[in-house]
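All remarks here apply to the structure that follows.
The values are calculated or read from the model by the stated rules, or taken from the named source; none is laboratory data. Here the structure is a predicted model, which means the values were calculated and not measured. Don't worry about glycine lacking a Cβ; one is built from the backbone with ideal geometry, like all the others, and counts go over all protein chains shown. Ligands, DNA and RNA are stripped out before the accessible areas are found, and what is left, the full protein with its side chains, is counted by its heavy atoms. Shrake-Rupley method; radii C 1.70, N 1.55, O 1.52, S 1.80 Å.
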Amino acid sequence: MALGVFGLTIGLALGGVVLLGTLGFVLQRTVDTEAFRTADAVALLAAEDALPDPLPVAGGQVRVQVVDAQGRIRAASIDADRLVPMVRPERLDRDRRQRLEVPAERVGLAGPVRVVTVPAGTAADPLTVLVARSMADVRHSTHVVRTILLVAFPLLVAVLAAVAWRVVGATLRPVEALRRGAEEITGRAGAGRLPVPASADEIHRLAVTLNGMLDRLESARIRQRAFVSDAAHELRSPLTNIRTELEVAQRLADRTDWTAVTTNLLTDTERLSRLVDDLLLLARLDEAPPTRGVGPVELGALLAEVAARYPSPPVRVTPPPGPLWTTGNADELRRVLANLVDNAVRHAYGSVVLAAGSAAGAGAYHLVTVTDDGPGIPVADRERVFDRFTRLDDGRARDDGGAGLGLAIVRELVRRAGGSISLTDAPEQAGLRVRLLLPAFPGEDGRGPQIDGA
C-alpha cells in the first residue's frame, strides 16, 4: 500500500512538473507570436516608407523601435526610448528573425523582457524592427499555477491515499477471508470449503475455482486412501495364506505333504505376483500422460491370437469381412482383450463370442464386441465395475484369484488408445456384451494403412 502511494506521489509530481513546463512554453510562444505579429505590421509600414511617429502600439506592456544599420532609431512607440536601442547592435542579426532576452531596465518594463527582431526596409536602407514585451504576466501565471499545485498536491495525495486505502482494503478483504479459510483447512488437514464472496467479480470466480480444486483434491485423497486400503487388504490375503501354510508345515514337519504345500504356495505366489503387476501397471497409467499408439494394429488377427489361448468352445471368433486397422499399442490392446475374455470365460455358462466390424454412426471408429451368455451385470452396476477393487461377487472373485482390477486396467488402456468402452445386454437379454470403440487407422476408408504401390 505504501509503495503504491509513493508511486502515485512520484507520478503526480512528475505530472505537475510537466504541466508547469508546458504552461510556460505555451505562454511564451503566445507572447512571441503576438510580438512577431506586431513586428511584421511595422515592417510592412517600413517597406512602404510610411512609418508614423510615434508608432501606434496597443497595450502598455509593449515597446517598438525601428533601428537602421548605424544603430539609430528611426521610429519608436510613444513609450519607447528614442535614443538607445533596446538591443545592443552587436547582438542583432539583420538577416533573420530573432528571439532575445534583455534586461528589464534597458526597456523600462517589468522583467523579464522578451524582444523579437524582424528585418525590414530595403537593401539600400536596411532596417530592423524591435518589439519588446514584458514576460511579467507569464511569470505571474506560472507562479500562480505552481502555488496552486504546491498547496493542492499534498491534499490531493492525502485524499487519494485515503481513498486507495479504503478501496484496496475493501478489495482485499475477500482475499484475506480466502487466506484465513485456506489456513484453517491446512491446520485441520481435512475437507473444507473457502468462503465465497457475494460479489460476482474475479474474487468470486477465484473462490469458486479454488473450492472446485479442493473438492477434486478431497475426492482424490479419498480414492487414494481407499486404493491403499484395498491394496493392503488384497496383499494381506495371499500373504496370510502363505504364512499359514508355512506354520502348519513347520509344526507337522513329519506328516506334511510338501508337494501339496509347494503347490499351494506357488498358487498364492502367482496370485500375489499378478496383483503386484496390476498395481504397478495402474500406477504407471496414472502417471503417464495419455498417448496414442505407435503403429497400426489389425483387429481381426489380434482377436484370433487372443482367442487361440482358450479352448473352442467356449471361445470363438466371428471374423470381420476384411482387414480392420486401428491405431494403438499392440501389447496394450492384447492386454485389453485378454482381460475381457478372461472375465467373460469366468462368468459364461457356455459360450464367449469375439467380433469386430465398422462402427455404424461412430465416425472413424471400429467396434469390437465380447459377448458371453452368463448372468450379466445389472444396469446400476455397469459403471461401478470399472472402479478399482470392485467385485460384484466377492467370494467367487477371490476363489478365482481376481482382485477387481481387470476392468479398471481395461478402461485406462482403452482411454490411452483414444477409444471408449461400455457394457450392454447381449442379444435377446442372454448375457453381457462389452463394446469397444477403437479409432480407425487414418488410411483409405479407415480400413488400412496407406501403402505405396498398393
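For the reader, a short list of remarks on this structure follows.
- Sparsely packed loop sites in the stretch 328-364 (the trypsin sites (Lys or Arg not before Pro) outside DSSP H, G, I, E and B with at most 15 other Cβ atoms within 10 Å) do not occur.
- Between the stretch 250-273 and the stretch 299-338, the alpha-carbon center distance in angstrom: 36 Å
- Axial C-alpha extent at least 15 Å, average Kyte-Doolittle at least -1.0 - helices from the chain (DSSP): 2-47, 136-188, 202-251, 258-287, 330-347, 406-416
- Karplus-based coupling profile of the stretch 70-75, in residue order and whole Hz: 8, x, 8, 8, 7, 8, with θ = phi - 60° in 6.51 cos²θ - 1.76 cosθ + 1.60 and x standing for Gly or Pro.
- Peptides 38-45, 257-264, 101-108 ranked from most to least packed give 38-45, 101-108, 257-264, packing being the mean of other C-beta atoms within 10 angstrom over each peptide's residues.
- Ordering 112-119, 205-212, 221-228 by mean Cβ neighbour count within 10 Å, with the highest value first, yields 112-119, 205-212, 221-228.
- Taking the helices alone, the chain has a mean residue ellipticity at 222 nm of -17500 deg cm²/dmol, built from -39,500 (n - 2.57) per DSSP H run of at least 4 residues and averaged over all its residues.
- Based on protein heavy atoms only, the chain ends up with 58 Å² per residue of surface accessible to a 1.4 Å probe.
- Accessible surface of the chain [probe 1.4 Å, protein heavy atoms]: carbon and sulfur percent: 58 percent
- Largest-first ordering by accessible area, 1.4 Å probe, given options Tyr349, Tyr365: Tyr349, Tyr365
- The Cα center of the stretch 1-73 and the Cα center of the stretch 351-385 differ in position by 94 Å.
- For the stretch 64-69, Karplus couplings with θ = phi - 60° (6.51, -1.76, 1.60), whole Hz, Gly/Pro x: 10, 9, 10, 10, 8, 5
- Think of the chain as having a plus end and a minus end, set by charges on the Cβ of Lys, Arg, Asp and Glu; of Pro375, Tyr310, Leu235, Leu235 sits farthest toward the positive end of this dipole.
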